[in-house]
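Presented below is the structure to which this report refers.
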Amino acid sequence: MNNLCGIDEAGRGPLAGPLVLAGVILEKDIDGLNDSKKLTEKKREALFDEILKNSKYHIVFKSAKEIDEFGISACIKESIIEIMEKLKEFTNLFLMDGNTSFKIENLQHEIKADAKYACVSAASILAKVSRDRYMIKISDDFKEYDFFKHKGYGTKAHIEAIKKYGRSQIHRVSYRIKGVDKE
């Protein structure tokens, strides 16, 4: 195994809930890794524990309030820097999935890296499963929104719930919603 640290995020686009970034340095090969969006929930869940057992990793959550206050890009950048700081004793090679390095020194970036590099796939899975689990966990506290179903994404049912009940404290108020907010 090389000591490349893959970094990916989950939750950039939802109307509610946190942004989650993960950094992963794999310590052994893991079969079945891929971009988390290309895997079933069951497969992601199975891989999650295997990744935790066989890697050095760090996971960062940024709340809806932080996203509203600082912006999504600043939250992503701050999370990447935290991951690099936490994992720097194990590597100096960092690769982010996407089209920008956020002007962070020593961070490489590549579009679709989550489908090309096992460590980025693993980071994608850790970020997605961590975020999904969080949204399911809090769904009982916000029953009217059914977060366990859509995880905060802008589904028709979620937007209808926002129209009926307004936004909760975990909704991103800086995100404009067509049909809800004045344009």
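None of the figures in this text is laboratory data; all of them are computed from the coordinates on show. Keep in mind it's a predicted model, so treat the numbers as computed, not measured. Here the Cβ positions follow ideal geometry from the backbone for every residue, glycine too, while neighbour counts run over all protein chains shown.
Looking at Ile170, Ile83, Ile177 in this structure, which one is touching a strand residue (DSSP E or B) at 6+ places or on another chain (Cβ under 6 Å), touching a residue at least 40 places away in the same chain (Cβ under 8 Å) and either farther than 26 Å from Asn54 by Cβ or of a type in the set (Lys, Arg) (or both)?
Only one candidate passes the filter, namely Ile170.
From the residues in region 1-60 that are under 15 Å from the mean Cα position of the chain (by Cα) and without any contact (Cβ under 8 Å) to a residue 60 or more places away in the chain, which one is surrounded by the fewest Cβ atoms within 10 Å (Cβ to Cβ)?
His58
For the subset of region 127-156 comprising residues that are among the small types (Gly, Ala, Ser) and either touching a residue at least 24 places away in the same chain (Cβ under 8 Å) or loosely packed, with under 12 Cβ neighbours inside 10 Å (or both), which member is nearest to Lys37 (Cα to Cα)?
Ala127
Inside region 67-80, can you point out the residues that are in contact with a helix residue (DSSP H, G or I) (Cβ under 9 Å, 6 or more places away or on another chain), more than 15 Å from Ser168 (Cα to Cα) and touching a residue at least 24 places away in the same chain (Cβ under 8 Å)?
If the condition is that a residue be in contact with a helix residue (DSSP H, G or I) (Cβ under 9 Å, 6 or more places away or on another chain), more than 15 Å from Ser168 (Cα to Cα) and touching a residue at least 24 places away in the same chain (Cβ under 8 Å), then Cys75 is the only one that fits.
Lys42 - would you say it is of a type in the set (D, E, K, R) and not in a loop (DSSP other than H, G, I, E, B)?
Yes, satisfied.
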